[in-house]
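A short reminder: the numbers here are calculations on the coordinates, not readings from a lab. The structure presented is a predicted model; accordingly, all values stated were derived computationally and were not measured. Please note: Cβ atoms are built from the backbone with ideal geometry, for glycine as well, and neighbour counts cover all protein chains shown.
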Amino acid sequence: MLIFAASDKGGTGRSVTSANLAYHRAMAGDDVCYLDFDFGSPTAAAVFDVGDARQATEDRGLHAYLIGEVSEPARIDVWAETEHQVLRFPPPGSGRLVLMPGDVSGGEFATSDDNLRRCVDLLMTLYYEFDLVIVDLSAGRSYAVDMVLEATAQTEMSEVTARWLVFHRWTRQHVGAAASLVFGKRGIVAGGVERGHGEDALRNSIRFVRAAVPDPESPLWSQVSPTQSAWMRKTDGDLKQLASTHGIGYSQVLGSVPLEPVLQWREQLITDEDVLDSQIANQETWQALSQLAGRLTDDKYWEQA
């Protein structure tokens, strides 16, 4: 299965959250490949703590492959190459976790017939090699988004299962921007239909992920003043109403990720050691990520709303 991770703008937690989802699925036994299609700002190598390995593959990443400078993009075995000591010892039964990094010296580029063909070939190859392929796309209506919309509209990819996650922060501005990215005049749905996708099928393949959500009912926020608590509850209710008005209400949401300092400040994979031993990360966040990872391939969460 292909999972395309998009976002209305930068700073939504798209990359760090989707990397954590890849990590959870690999620990559960799936062979997972993570593609850094954020051509203007590839950061996945830092999240997986494979900085040294990425430097060794510079100029052989996805950008170089797609524009035809190399015949095959570099691959990094995260379990073997990570500098994170916990990740070097995955649980028994874990699947592969492979990163295809971007090129730091790369940048956005328009889709041509040649790089479209390379994109299709790559996605098709990985689709049959891995259980799950997560493609982290540049923010907004980017060239990366356009490329994969074009690629997945090709005849040879008609039988490929592809789903979209659209990440947004839990604020008024991000709710509106996320809805516009998907349903706007030049959004993902319109762009997909223009390229030959069926509108209903494409709409049903898209779900939203709310990131950095402060839950007023969580014990983590139990120390706020009564006035703050009342304001948080009202604001949360207003945001839910706004999301529903924009067509991205509860039935379109795959999951939410709590406001988590480790994700905000460190942008790293959260391990069970972070939760149980050092206790720098919250159990609620671990559970939310695990739940979200499971829903990626659970068809009942992708039934027509």
Please compute the net charge surrounding residue 274, taking Lys and Arg as +1 and Asp and Glu as -1 over other residues with Cβ under 12 Å from its Cβ. -3
Can you give the local net charge around residue 248? Use residues other than it whose beta-carbon is closer than 10 angstrom to its beta-carbon, Lys and Arg +1, Asp and Glu -1. +2
Calculate, in nm to one decimal, what residue 290 and residue 303 gain on full extension: separation in residues at 0.36 nm each, minus their alpha carbon distance. 2.6 nm
As an exercise, use a Förster radius of 51 Å and the Cβ-Cβ distance of residue 238 and residue 71 to find the FRET efficiency, rounded to the nearest 0.05. 0.45
Connecting every pair of Cα atoms under 10 Å apart in the chain and solving the GNM, the largest mean-square fluctuation among 86, 98, 47 falls on 86
Scoring only Lys, Arg, Asp and Glu (+1, +1, -1, -1) among other residues with Cβ under 14 Å from the Cβ of residue 137 yields -3
Starting from the Cα of residue 234, draw a straight line to each of the aspartates and glutamates and keep only those under 20 Å, dropping any in the same chain fewer than 8 residues away. 215, 217
Matching label for the computed percent of Cα pairs over 30 Å apart, out of (1) 37; (2) 30; (3) 41, is (2)
Could you tell me whether segment 56-208 comes out rounded, prolate or oblate from its Cα gyration tensor? Rule is a ≥ b ≥ c as square roots of the eigenvalues, rounded for a/c under 1.5, then prolate if a/b exceeds b/c, otherwise oblate. prolate
Hey, got a sec? Which trypsin sites (Lys or Arg not before Pro) in segment 134-171 land in a DSSP loop and have at most 16 other Cβ atoms within 10 Å? none
Output for segment 140-188: GluC sites (Glu not before Pro) sitting in coil per DSSP, at most 16 other Cβ within 10 Å, listed by number, reads 159
Can you list the residues, at least 5 places off or on another chain, whose amide H is less than 5 Å from the amide H of residue 4, using H built in the peptide plane? 135, 163, 164, 165
Residue separation times 0.36 nm, minus the C-alpha to C-alpha distance between residue 279 and residue 109: what's the value? 57.0 nm
